[in-house]
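**Q** Take this structure, written in structure tokens, and hold onto it; I'll ask about it next.
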Amino acid sequence: MKYARPAATLLFCLLGSSGFAADEDVALGARAFRACAACHSVEANRNMTGPSLADIWNRKAGSLSSFPRYSDAMKSSDVIWNEKTLDGYLENPAQFMPGNHMTFPGVPDERTRRSIIAFLKEAGGKSGDQQTAQGPMGGMPGMQRPVPNLKTAEASSRIRSISYCHDTFKVTTIDGKTRDFWERNLRFKTDSSNEGPDKDAPAIVNAGMMGDRASIIFSSPEEISRFIVRGC
């Protein structure tokens with residue numbers, strides 16, 4: 001469960017979850033885990049910023065074949081994930097496994113850790129329940145939402161054309177509407193998973209709290225330059 005991650009969001013995970021904890025309480029552990037669910041799923045092989053935590057129980061650290069971004073420290077650690085090792089890792093990742101990619105300082109509250117571990121033992125031990133783990137995050141404005149399935153995106157999210165003039169991108173969707181974006185407010189990304197867009201059918205996903213930012217998701221990097229037309 002290692003990856004490069006901005007510390008601020010993970011700190012929110014720690015601070016936001018501590019009040020939910022109770023001794024090895026699976027339901028409260030699931031609530032605590034929601035703040036981290038933007039980066040980890042408990043659905044088999046559904047990898048995000050970090051690897052899927054499905055079937056994590058008694059799995060060797062850094063061994064999920066479908067996740068390519070483990071640190072060398074993780075892959076060579078010989079750690080087996082169980083109650084003891086997960087507790088040590090969640091308490092202080094850097095101390096437990098020097099050189100791993102996790103940047104957050106750890107979960108200091110023992111009850112919180114035990115609740116999260118109890119949840120992972122149940123949900124992550126049987127390929128998980130996305131509804132429980134990644135349901136609506138009420139009271140958590142600004143947190144990243146679970147990734148939408150772009151193969152079923154509506155016409156208002158599917159891209160017809162993208163033009164670039166000076167510092168502005170004009171994005172037209174299948175429903176005929178066009179939106180202007182300052183070039184720094186529009187990101188281009190790829191998603192080759194089963195939830196990514198079809199070939200040559202990119203989709204736009206809103207981002208930011210003011211509605212002025214967005215990401216356009218392509219099925220492969222080759223599509224990006226081919227799709228954007230320069231012209232005023």
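The values are calculated or read from the model by the stated rules, or taken from the named source; none is laboratory data. Everything quoted here is computed from the prediction, not taken from an experiment. For neighbour counting, all protein chains shown are included, and Cβ atoms are generated from backbone atoms with ideal geometry for every residue, glycine included.
**Q** Which of (1) loosely packed, with under 14 Cβ neighbours inside 10 Å; (2) aliphatic (A, V, I, L, M); (3) within 30 Å of residue 46 (Cβ to Cβ) is the odd one out, the single condition residue 229 does not satisfy?
**A** All conditions are met except number (3).
**Q** Here is a further query. Applying the selection to region 153-187, what residues are within 30 Å of residue 34 (Cβ to Cβ) and either assigned by TED's automatic domain parsing to the domain that holds residue 67 or in contact (Cβ under 8 Å) with a residue 40 or more places away in the chain (or both)?
**A** 153, 157, 158
To keep it simple, each residue is scored yes or no on (1) over 20 Å from the mean Cα position of the chain (by Cα); (2) surrounded by 12 or more Cβ atoms within 10 Å (Cβ to Cβ).
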position: 158; (1), (2): yes, yes
position: 163; (1), (2): yes, yes
position: 174; (1), (2): yes, yes
position: 182; (1), (2): yes, no
position: 192; (1), (2): no, no
position: 225; (1), (2): yes, no
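**Q** Okay, moving on. Are any of the residues in region 35-47 of a type in the set (A, V, I, L, M, F, W, C), in contact (Cβ under 8 Å) with a residue 24 or more places away in the chain, more than 18 Å from residue 113 (Cβ to Cβ) and not in a loop (DSSP other than H, G, I, E, B)?
**A** In the first step, residues of region 35-47 are kept if they are of a type in the set (A, V, I, L, M, F, W, C); the result is 35-39, 42, 44.
With the extra rule that they be in contact (Cβ under 8 Å) with a residue 24 or more places away in the chain, the set shrinks to 35-39, 42, 44.
Cutting the leftovers down to more than 18 Å from residue 113 (Cβ to Cβ) gives us 38, 44.
Remaining after also requiring not in a loop (DSSP other than H, G, I, E, B): none.
No.
**Q** Restricting to region 57-87, and then to whatever is assigned to a helix (DSSP H, G or I) and of a type in the set (Lys, Arg), can you tell me which residue is surrounded by the most Cβ atoms within 10 Å (Cβ to Cβ)? If you could, list the steps in order and put the result at the bottom.
**A** If we filter region 57-87 for residues that are assigned to a helix (DSSP H, G or I), which is where we start, we get 72-75, 83-87.
Subset that is of a type in the set (Lys, Arg): 75, 84.
On the way: 75: 14, 84: 10.
Step by step, filter region 57-87, then rank; the result is 75.
**Q** Of these, 125, 106, 139, which one is at pLDDT below 90, touching a Gly at 6+ places or on another chain (Cβ under 9 Å) and not in a helix (DSSP H, G or I)? Let's see the steps before the verdict.
**A** Details: 125 fails: touching a Gly at 6+ places or on another chain (Cβ under 9 Å); 106 fails: touching a Gly at 6+ places or on another chain (Cβ under 9 Å).
Answer to the check: 139.
**Q** Check off (1) at pLDDT below 95; (2) under 28 Å from residue 34 (Cα atoms); (3) not in a loop (DSSP other than H, G, I, E, B) for residue 145 and give me the number that stays unchecked.
**A** Of (1) at pLDDT below 95; (2) under 28 Å from residue 34 (Cα atoms); (3) not in a loop (DSSP other than H, G, I, E, B), only one is false for residue 145: (3).
**Q** Name the residues in region 77-100 that are of a type in the set (Gly, Ala, Ser) and over 19 Å from residue 25 (Cα atoms), would you? Can you show your working first?
**A** As a first pass, look at region 77-100 and keep what is of a type in the set (Gly, Ala, Ser): 77, 88, 94, 99.
The answer is 77, 94, 99.
**Q** On to the next question. So which residues in region 161-173 are more than 16 Å from residue 219 (Cβ to Cβ) and of a type outside the set (Phe, Trp, Tyr), if there are any at all?
**A** The initial filter retains those residues of region 161-173 that are more than 16 Å from residue 219 (Cβ to Cβ), namely 161, 163-173.
Correct list: 161, 163, 165, 166, 167, 168, 170, 171, 172, 173.
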